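The values are calculated or read from the model by the stated rules, or taken from the named source; none is laboratory data. Just so we're clear, the structure is a prediction, and the values are computed from it rather than from any experiment. Note: ideal-geometry Cβ built from the backbone for every residue, glycine included; neighbour counts use all protein chains shown. Heads up: the accessible areas ignore ligands, DNA and RNA and are worked out on the full protein's heavy atoms, side chains in. Shrake-Rupley method; radii C 1.70, N 1.55, O 1.52, S 1.80 Å.
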Amino acid sequence: MVQKRVFGLDFARAMAILLVLVSHFFQNFEVLGFFGVELFFALSGYLLGQIMWRIFDKGSSLEIVFNFWQRRWFRTIPNYFLFLFLMIPFHIYIKKDQIDWSVISEYFYFGQNLLKESSGFYGISWSLCVEEWFYLLFPIPIFLFRKLGFKNINAFCFTILLFYVSCFIVKNYLLASGIHNLRMVALGRLDSITSGVLVAVIKLNFDEKKAIALSLLGVLLFVLNLGLMMFSKKDSSENILLLFLIPLSFSFLLPTIERIKFPENKFHFIRSAVTNLSLWSYSIYLSHIPILFTLYYLTEGLATSFFMKLSVKALGFVLTILISKWLFVYFETPLTNKRPKEFKPTSLVFTKKIQS
């Protein structure tokens, strides 16, 4: 059964990956990549929040937690490790780096930027480290609160508050320890995905119009973010308020973005392009850096003119799309299809059968 696509959310994911690509393919556009990754975090929390609400609303058991972990890991870990192993020859032969195997070992348990800045090896993986630790940690307090008899909404609210407070403490600890690139330290950034969960809970528990009204707050917060970035003396990567508000502002916009429709019988190529970019975005995110820098290495000394440099970047973009499509079809999808089905408590299934 083919999962029905939500065009608005596909559009958000496609925009996020395009922002990341522009920031890495062209100099002086780093801020776009910053926004792109924060949008990914918000979107991830928004979708995961709805999944976790659905499964914990059925009850609380270790089977639910383990099932959630398994489904997320089948979806994310194979591609991560594929590129982890590809990065070793890439750094040795293309970037001519010295390999520190003790550092690389940290990447096998997503410890490379847990409470410190990344070493630079497989640099794009910092955001995946944030994602994976969120997958692992966020369901645990929900499970415990539900076991203690808390209602679903109370369990989620207390967990969200716990993550917000914990990340605030961690970021201040990092600054006091002399670490200023807070943006890429995993345990200090879990609140970025938490913001998406917050908005998902609001959407699921309040009148939809009230949830949509949050979009206005999202726009106002985003404008505030731009003002902070322009006038703050702090760099964005060490501005605690900015790192909290940007994913929150994107999260507030998502219920409205989700409602974006596309004409069913017009401009099929646009719908197809948006859907494909969304589907291939994970592989695009992981593959574009090694592809681009490999092309730089192969054309070193040749790409001297503006036209040649632009041609190399264009070729890199095309190869990234083609390779990502291939990875999605022949690697990602077959492994994702092997993940277990979403857990359904037997008591709930039995009750539904009686009612039917």
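Structural remarks
- Straight-distance candidates among the lysines for linking to LYS313, with alpha-carbon spacing under 30 Å and chain neighbours fewer than 8 residues away dropped: LYS95, LYS96, LYS325.
- Summary: within the chain, the longest segment free of GluC sites (Glu not before Pro) located in DSSP loops with at most 15 other C-beta atoms within 10 Å is 1-263.
- Both numbers refer to the Cα atoms of the stretch 1-94; Rg and Dmax are 17.3, 52 Å.
- Direction-averaged projected area, Cα convex hull, the stretch 278-345: 5.6 nm², rounded to one decimal.
- Semi-axis lengths (Å, descending) of the ellipsoid that matches the C-alpha gyration tensor of the stretch 1-52: 25, 13, 7
- Solvent-free Debye calculation, one equal scatterer per alpha-carbon of the stretch 135-180: log10 I(q)/I(0) at 0.23, 0.26, 0.31 Å⁻¹ equals -0.75, -0.85, -1.02.
- Normalised per residue, the volume of the convex hull around the Cα set of the stretch 105-157 (Å³): 86 Å³
- Folded to 0 to 90 degrees: helix 126-137 orientation relative to the chain principal axis, Cα: 20 degrees
- At the listed q of 0.10, 0.12, 0.16 Å⁻¹, the Debye profile of the stretch 218-356, built from one uniform point per Cα, gives log10 I(q)/I(0) equal to -0.70, -0.94, -1.15.
- Sorted largest first, the principal axis extents computed over the alpha-carbon atoms of the stretch 138-289 equal 56, 44, 33 Å.
- Nearest-ten-degree value, helix 30-56 long axis tilted from longest Cα axis of the chain: 30 degrees
- Principal-axis tilt of helix 346-355 within the chain, Cα atoms, nearest 10 degrees: 60 degrees
- Length, then width, then depth: along the principal axes, the Cα atoms of the stretch 83-194 run 56, 30, 19 Å.
- Estimated from helical segments only, the mean residue ellipticity of the chain at 222 nm is -23500 deg cm²/dmol, where each DSSP H run of four or more residues counts as -39500 (n - 2.57).
- For LYS234, the lysines whose Cα comes closer than 25 Å to its Cα, not counting residues fewer than 8 places off in the same chain, are LYS116, LYS171.
- The stretch 145-219 versus the stretch 256-302: alpha-carbon centroid distance in Å: 29 Å
- Shape metrics for the chain, restricted to C-alpha atoms - Rg then Dmax, Å: 21.1, 73
- Share of carbon and sulfur in the accessible heavy-atom surface of the stretch 234-304 [1.4 Å probe, %]: 65 percent
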